[in-house]
Amino acid sequence: MNNESKKPREKLLELKNPSQINTEDLIAIILGHGSKEKNVFDLSKELVEYIRTNLNNSITIEELSKFSGIGTSRALQIISALELGRRFKWTQEKIRVHKIGQGEIIQGDCLDVMKTIPDDSIILAFTSPPYHNAINYEEHIKKLEGKIKYWERKEVSYDFYRTFLIDRFKELYRIIKPGGHNVVNISPVGWNGIRVPLPFHFAVWMEEIGWQFKEDIIWEKEIAKDKRSGVLMQHPYPGYYYPSLVAEYVLVFQKPAGKKEQNNIYHFRSPKEKQSNKLDMGDY
Ligand SMILES: C[S@@+](CC[C@H](N)C(=O)[O-])C[C@H]1O[C@@H](n2cnc3c(N)ncnc32)[C@H](O)[C@@H]1O
């Protein structure tokens, strides 16, 4: 029997490589069988035709259900398969994974990366988000690579920046385990000539997402003191004094969890797990 006359499932089992199976057969594998009116091959052909011509529009359950033999559950199967394909293709283009020892570094926009991570799966996030208007990171990298001499500041509205952060910390909230922590290094920033109290705004944005505020740690920057006394030297009058920037904030938030919740990271830990994570108190 040649491959043409074989059933789609048998073809895939034998060839083991889905890229060698035609699209109608792949749909037929998802469907499993046809309907009273139509065999699975004809139904698959019609569906492939419909999907091809509507790839740029949204393919909805309602539209798929108009095909005889396609009910809600089959429409959901097809939509899920299409979304999986789209998601992984897009992920492959935008994300790089570098294996390091037993772990991995995933390189990409953190929003794209987090979308590939399941709910409630991370214990700790520690981040220093970009100061969007302070550094133009795309050009900054080019300067470091010696491709350009100077980088230009990129004007970004505070509202855009707020949405940028909220989108990402909302996604982080989804993937952090209940009881897990989100530690953020953040500081006031200069914005159009004004010093904006970013950490204080940020704490409110985080609370609106659902994060529980836990700690405000002051990072004293011994070697990175940003002296602002030059203005006073030039204008030695009251009103020209600006304190040197010697510290940044490190804000700690937690994803709330009920004590009895099974997935709360601080409960239901086995004695073995607890023991293997015992801290060396000599460090304190
Ligand atoms: C304030 S710096 C923190 C630098 C970091 N502490 C370090 O030592 O490399 C912000 C960093 O976020 C990166 N970044 C900016 N936008 C990002 C995004 N959407 N996803 C992931 N990283 C991003 C920038 O390239 C930059 O390295």
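The values are calculated or read from the model by the stated rules, or taken from the named source; none is laboratory data. Just so you know, these numbers come straight off a predicted model, no measurement behind them. FYI the Cβ positions are ideal-geometry reconstructions off the backbone, even for glycines, and counts take in every protein chain you see.
Worth pointing out:
- Options Ile95, Ile79, Ile117, Ile122; residue that is within 16 Å of the ligand (Cβ to nearest atom), over 30 Å from Ile217 (Cβ atoms) and either surrounded by 10 or more Cβ atoms within 10 Å (Cβ to Cβ) or in the same structural domain as Glu215 (by TED's automatic domain parsing) (or both): Ile95
- Residue within the range 203-218 that is among the aromatic types (Phe, Trp, Tyr) and touching a residue at least 60 places away in the same chain (Cβ under 8 Å) present: no
- All of (1) assigned by TED's automatic domain parsing to the domain that holds Glu171; (2) touching a helix residue (DSSP H, G or I) at 6+ places or on another chain (Cβ under 6 Å); (3) among the β-branched types (Val, Ile, Thr); (4) touching a residue at least 12 places away in the same chain (Cβ under 8 Å) hold for Ile61 with one exception: (1).
- Inspection of the range 210-225 finds a residue satisfying the criterion of being part of a loop (DSSP other than H, G, I, E, B), among the acidic types (Asp, Glu) and over 18 Å from the mean Cα position of the chain (by Cα).
- In this entry, Thr72 is excluded by the filter for residues that are in contact with a helix residue (DSSP H, G or I) (Cβ under 7 Å, 6 or more places away or on another chain), among the hydroxyl-bearing types (Ser, Thr, Tyr) and not assigned by TED's automatic domain parsing to the domain that holds Ala28.
- Total residues in the range 98-114, condition within 12 Å of the ligand (Cβ to nearest atom), on the phi < 0 side of the Ramachandran plot and out of contact with any strand residue (DSSP E or B) (no Cβ under 6 Å at 6 or more places or on another chain): 5
- Any hit, the range 174-181, residues being farther than 29 Å from Tyr137 by Cβ and among the β-branched types (Val, Ile, Thr): no
- Test: residue in the range 178-201 that is within 14 Å of the ligand (Cβ to nearest atom) and in a helix (DSSP H, G or I): yes
- Residue in the range 174-196 that is assigned by TED's automatic domain parsing to the domain that holds Ala257, farther than 19 Å from Ala257 by Cα, loosely packed, with under 11 Cβ neighbours inside 10 Å and aliphatic (A, V, I, L, M) present: yes
- Only residues that are among the acidic types (Asp, Glu), in a loop (DSSP other than H, G, I, E, B) and within 19 Å of Ile166 (Cβ to Cβ) were counted in the range 100-150, giving 2.
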